[in-house]
Amino acid sequence: MAWLACAALLVGPAPARAQAAAGLDWFGPTLLPKYRIVSYYGNPLSATMGVLGQGTTQEMLARLAAQEQAYQTADPGHKVIGALELVAVVAQRSPGPQGYYSSRMPYSVIQGELDLARSHHLLLILDVQIGHATVQSELQYLAPFLRQPDVELALDPEFAMLPGDIPGVQFGSMPTPPINWALQYLQSITVRYHLPQKILILHQFIESMVPDWQQIQEQPDVVLVRDLDGFGGWQLKSSEYERFIQQEAIPYVVPFKSPLGVRGALNGFYVARIESHFVVAGGMKLFYTQDHPLATPAMVLALDPPPLVVIYQ
C-alpha cells in the first residue's frame, strides 16, 4: 500500500480545466478503444534505438504517416492516431554518476519531441527503462510532461534490473507493485488535472518480466496496454500475443445486489467472482529490420483481438 500512497505526492496543485487542457486534447476524452494508435519508437539522438531516430525528421514523419495510412486503409472503420514513443529514460551498461545504469533525457529533448508531436497532431509516449532506479523516481522526473493531456507512458520491464544485473546482459523484471503505483499515479493526475484518459503501455516478451501479472489493479481512467515486444518470426509472435491477451485473464470481484451471487462481506452486497480481461487493449511491436517476415497491417489486424496499439522499432 505504501507504493500507492506515495503516488499523490507527485501530483502537485490542480490547475483549472481550461489551463490543463489548453486545447491539446484534440482527440477527445477517450483514446482506447475508440482509436488505433500507430507509433514510431526510439530516440532522436540514436539511430540504433529505433526508427524514431533514423533519417531526417521529415523523412521519419513521412514514413510514419504512410504507416498510419496503411492501417487506416486496412481497417477504415477504426480511426488511426499516430504517436512518437520516445525512450525518455535509457538503460545503459555503465552505472553512471548515480549508479542507476540509466540515463534521463534532458527536458529540452523531451520538449522538442512534444513540440514535434503537437505540430503534427501526434501523441507523445514516454518510454521508461529504469535500470537500477525506481519507477517513482523516474515518473517524478517526467511529471511535468505526464501532466499534459497528449502524453502517455510506457514501462519496459526488460530493463528493470535486479541487484547486480546489467541492462543488455541480463533480462530484467518488474513485479506488480511499481506497475500498480504507476497506474495509481496516472489515475491521480487525470483526476487532479482534469485530463483525458491516460494510457500505460507495458512492454513484455517473456513471462518472467512481469512474474505476478494477476496482481495488477485496474484504474477507471487508465488503459493498460499489454504490448508483445521482441523480434522474430511471425508465427511465434502472433501466438504469443494471443496467449498473453486471451489466456491470462485477471479475475476480479464485482459487488452487486442479486440472489444469484454468493453472500459476501462487501457491505451486505452479494458478490460473484468473474473472469475478465483487465487488459482492454493489446499491443504489438514490430521491427523493420529484425522481424522475418515483417507482418503487414492485414496480418496484424487478423490477430484475435486485433491490437489497438502497434509500435514500430
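A few notes on this one:
- Taking first residues from the range 270-299 that are on the phi < 0 side of the Ramachandran plot and partners that are at pLDDT below 90 and of a type in the set (Ser, Thr, Tyr), the Cβ contacts under 9 Å between residues at least 6 apart in sequence or on separate chains come to 270/258; 272/258; 273/252; 274/252; 275/252; 276/252; 278/252.
- Some residue of the range 105-122 being charged (D, E, K, R) and touching a residue at least 60 places away in the same chain (Cβ under 8 Å): yes
- Among the residues of the range 140-168, the ones that are part of a helix (DSSP H, G or I), under 15 Å from the mean Cα position of the chain (by Cα) and not aromatic (Phe, Trp, Tyr) come to 4 in all.
- The number of residues in the range 63-116 that are of a type in the set (A, V, I, L, M), in contact with a Phe, Trp or Tyr (Cβ under 7 Å, 6 or more places away or on another chain) and at pLDDT below 95 comes to 1.
- Looking only at residues of the range 46-58 that are in a loop (DSSP other than H, G, I, E, B) and either touching a residue at least 12 places away in the same chain (Cβ under 8 Å) or touching a helix residue (DSSP H, G or I) at 6+ places or on another chain (Cβ under 7 Å) (or both), we find that the one that is nearest to residue 221 (Cα to Cα) is 50.
- One residue stands out among those in the range 120-139 that are of a type in the set (A, V, I, L, M, F, W, C), buried (at least 24 other Cβ atoms within 10 Å of the Cβ) and assigned to a loop (DSSP other than H, G, I, E, B): the one that is modelled with the highest pLDDT, which is 122.
- Checked across the range 33-45, the condition of being more than 30 Å from residue 191 (Cα to Cα), in contact (Cβ under 8 Å) with a residue 12 or more places away in the chain and over 17 Å from the mean Cα position of the chain (by Cα) holds for at least one residue.
- Checking 150, 165, 156 one by one, the residue that is more than 30 Å from residue 24 (Cα to Cα) and acidic (Asp, Glu) is 165 and no other.
- Among the residues of the range 89-104, those that are in a strand (DSSP E or B) and either within 16 Å of the chain's Cα centre (by Cα) or touching a residue at least 40 places away in the same chain (Cβ under 8 Å) (or both) comprise 89, 90, 91, 102.
- Scan the range 61-119 for residues that are among the basic types (Lys, Arg), within 23 Å of residue 153 (Cβ to Cβ) and in contact with a helix residue (DSSP H, G or I) (Cβ under 9 Å, 6 or more places away or on another chain) and the total you get is 2.
- Scanning the range 182-216 for residues that are under 18 Å from residue 137 (Cα atoms) and free of Cβ contacts under 8 Å to residues at least 12 places away in the same chain turns up nothing.
The values are calculated or read from the model by the stated rules, or taken from the named source; none is laboratory data. All figures in this text were calculated on a predicted structure; none of them were measured in a lab. Cβ: placed from backbone, ideal geometry, glycine included. Neighbour counts: every protein chain shown.
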